[in-house]
Ligand SMILES: C[C@H](O)[C@H](O)[C@H]1CNC2=NC(N)=NC(=O)C2=N1
């Protein structure tokens, strides 16, 4: 099982994740991605879904047209883990590629 990040580790990780914020009500990070249109947003989700399956680490997300609201946390760890940081970085990298 993967370890929950300490407060110090969490704050350090957030420094390197532009646009990501701490969720208000839980130990999780959140970001809103905006794309050109629904096709780009859904393409992003489809490609992240494949990465998520491979990593066995799945985002919580909500899509409306070109917007994807993402929340990342690790249920098994009861909070934020390095797997969330890795997923956030993968999302940022893919989003910058397609927008
Ligand atoms: C059984 C399965 O491996 C677990 O439930 C995995 C699947 N995907 C997961 N995704 C996330 N975000 N957190 C988890 O703890 C998690 N656990």
(Q) Under 19 Å from a point placed 7 Å out from the Cα of residue 60 along the Cα-to-Cβ direction: which residues of region 18-42 have their backbone N that close? (A) 20-33
Q | In degrees, nearest ten, helix 82-98 long axis to first principal axis of the chain (Cα) | A | 20
Q: Report the relative contact order of the chain, percent, no decimals, based on alpha-carbon pairs under 8 angstrom and at least 6 residues apart.
A: 36
**Q.** Between helix 38-55 and the chain: long-axis angle, C-alpha atoms, 0 to 90°, nearest 10
**A.** 40
Q: Sticking with the crude label model, points 7 Å out along Cα→Cβ, report the distance from residue 26 to residue 38 in nm, one decimal please.
A: 2.7
Q: Give me the distance between the Cα centres of region 6-28 and region 35-99, rounded to whole Å.
A: 16
Q) What's the FRET efficiency of residue 75 with residue 12 using the Cβ-Cβ distance as r and R₀ = 22 Å, to the nearest 0.05? A) 0.45
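A short reminder: the numbers here are calculations on the coordinates, not readings from a lab. Worth saying up front: this structure is predicted, and the values here are computed from it rather than measured. Cβ sites come from the backbone with ideal geometry, for glycine too, and all protein chains shown count toward neighbours.
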